[in-house]
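Heads up, the thing below is written out as C-alpha cells.
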Amino acid sequence: MNYPIYLDYNATTPCAPEVIEAMLPYFGTHFGNAASKSHPFGWVAENAVDEAREKVAQLIGAKAKEIIFTSGATESINLGIKGIFEVYSGEKQHCITCLTEHKAVLDTFAELEKRGAEVTYLPVNSKGEISLEELEAAILPHTKLICLMWANNETGVIHPIEKIAQMAESSNIVFFTDAVQAAGKIPVSTSGIHLMAISAHKLYGPKGVGALYVRHNHQLPKPLAQIHGGGHEKGMRSGTLNVPGIVGFGKAAELRFVEMKEEEKRLGKQRDRLENGLLEITDSKLNGSQGARLSHVSNIAFGGVEGEELLKRVNQKVAVSSGSACTSISPKPSHVLQAMGLGSDLGRASIRFSLGKNTTESDIDLTLNWVKKVVLELRSS
C-alpha cells in the first residue's frame, strides 16, 4: 500500500524496531506463563516482566512495585476511577474532573453518576486551560477524587500538575492523572500523585498493554480490583499477563527515557515550522495555548471550509485526525474544542497534526504544500 505521510502520532505510534526485536522471543522460545512458579518457562517469563516493570517505573519516577500492568490506558482509567469509588462505597462521594478529558475518563464518570456519585466538570478557557482557583473552589468536604489529565490528546495543552497535586495532597484527596500523552514525550514524575494511567502504544510500544501507577505506603486507599480471578498484579488486576506486550512496553520505556529530551527539541522545531506555515493561510487559527504545550502537537482550525471534506482531502496525502482516535468516526465536533468555545463548524474544520520519531523535514514541506492546496481549492469550489 502507498501510505500517506503519517502525522497522527497522538493516535498511535509505530513499534520501535528494538521493541519488536525484544518481544519476538516471548512469542515462541520463551512462551511461559509468568504465573507458573514451578519450572523455568515460568521463571524466565516472570523475570522478563520484572525487568519491564523496573523500566516502566523508571520512566515515570516510580518504584517497580507501584506499577500494575493492564490491557491499556482505558482499563487503567476504569480501574483507578471505579476502584476508588468502590473503596468509598456507602459514603457520599464527590469527584472533580474537566470537560476536556479523554472520553475514557468522561464516560467512566458518567457511569459513576448513574451509581450516585456527584461529579464536577471544570470548564476551560479559550486556550484549553483550567483555573486553579475554580478547582480549589470546587473541593467539597466529601470530595474523594480529583482526576485531571497531564497533557491533552487533541491540543497538547499541559495542565499545572505539580500545583494540582499539592492542592489534592493538602486536602487529603486522591489525585489521578491520565498521563497517556505525556509519559515518554516529556519528563513526568509521580510526586504527589496517587494514581497515573499510561499506555505503551503512545510511546513506540505495542498496542494492548498499559499500566496503572498506584502509590505505595500512603494513607490514601488503593483502588479495588475490577477484574477478579487469580489475584495477579497484587490482586488489583487478575488475568494471565501479556508477557510479549509487557516486554515491549519495558523496552519502549527504556528507549524513551534516553531519547525523550532530544526528540522533544527536534520535534518542537519541526512543529513550529509546520504551525507557522499553516497559520499563514488566511482565516486559520491555533486551537490551544502557545504556552505550556506538548512540542509535537498542533491543532489548527481552518475557516471557510466544510470539515468532513477537508479531512477527507487532506488524508489523501497526509494521515491526520480531527481529534481523538476513539471518536474519529463521529461527524460531531470535538468535545474538547467545544469546551474551548469553538463553534460547531470551526470545530469540525479543525485538524490535529501530531509529529513523531519518523517525521522528517521533507514531510513538513510536503504537508504544508498539500494542506495549503486543499484549503484553497475547497474555498474556491
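The values are calculated or read from the model by the stated rules, or taken from the named source; none is laboratory data. Values in this document were obtained by computation on a predicted structure and should not be read as measured data. We place every Cβ from the backbone using ideal geometry, glycine too, and count neighbours over all the protein chains shown. Heavy atoms of the whole protein, side chains included, go into the accessibility calculation; ligands, DNA and RNA do not. Shrake-Rupley method; radii C 1.70, N 1.55, O 1.52, S 1.80 Å.
Somewhere in the stretch 272-293, is a residue of a type in the set (Gly, Ala, Ser), part of a helix (DSSP H, G or I), open to solvent by 20 Å² or more (accessible area, probe 1.4 Å) and out of contact with any Phe, Trp or Tyr (no Cβ under 6 Å at 6 or more places or on another chain)? No; the residues of the stretch 272-293 include none that is of a type in the set (Gly, Ala, Ser), part of a helix (DSSP H, G or I), open to solvent by 20 Å² or more (accessible area, probe 1.4 Å) and out of contact with any Phe, Trp or Tyr (no Cβ under 6 Å at 6 or more places or on another chain). Within the stretch 1-19, residues that are surrounded by 14 or more Cβ atoms within 10 Å (Cβ to Cβ) have Cβ atoms under 7 Å from residues that are among the acidic types (Asp, Glu) in these pairs: ILE5/ASP363, counting only partners at least 6 apart in sequence or on another chain. The residues listed here are ALA34, ALA52, ALA57, ALA11; of these, the one that is in a loop (DSSP other than H, G, I, E, B), modelled with pLDDT of 95 or more and within 26 Å of ILE193 (Cα to Cα) is ALA11. Among the residues examined, GLY80 does not qualify as part of a loop (DSSP other than H, G, I, E, B) and either within 26 Å of VAL243 (Cα to Cα) or open to solvent by 10 Å² or more (accessible area, probe 1.4 Å) (or both). Taking residues in the stretch 152-168 that are under 15 Å from SER189 (Cα atoms), and partners anywhere that are open to solvent by 10 Å² or more (accessible area, probe 1.4 Å) and not in a loop (DSSP other than H, G, I, E, B), the pairs with Cβ atoms closer than 8 Å and at least 6 places apart or on different chains are ILE158/ILE186; ILE158/ARG293; PRO160/LEU132; LYS163/LEU132; ILE164/LEU132.
Taking the numbered list (1) open to solvent by 60 Å² or more (accessible area, probe 1.4 Å); (2) part of a loop (DSSP other than H, G, I, E, B); (3) polar (S, T, N, Q) in turn, THR155 passes all entries but (1).
Once the stretch 38-56 is narrowed to residues that are touching a residue at least 24 places away in the same chain (Cβ under 8 Å) and over 13 Å from LEU241 (Cα atoms), the residue that is surrounded by the most Cβ atoms within 10 Å (Cβ to Cβ) is VAL56. In summary, ASN299 fulfils each of the numbered conditions (1) open to solvent by 20 Å² or more (accessible area, probe 1.4 Å); (2) at pLDDT 95 or above with the single exception of condition (1).
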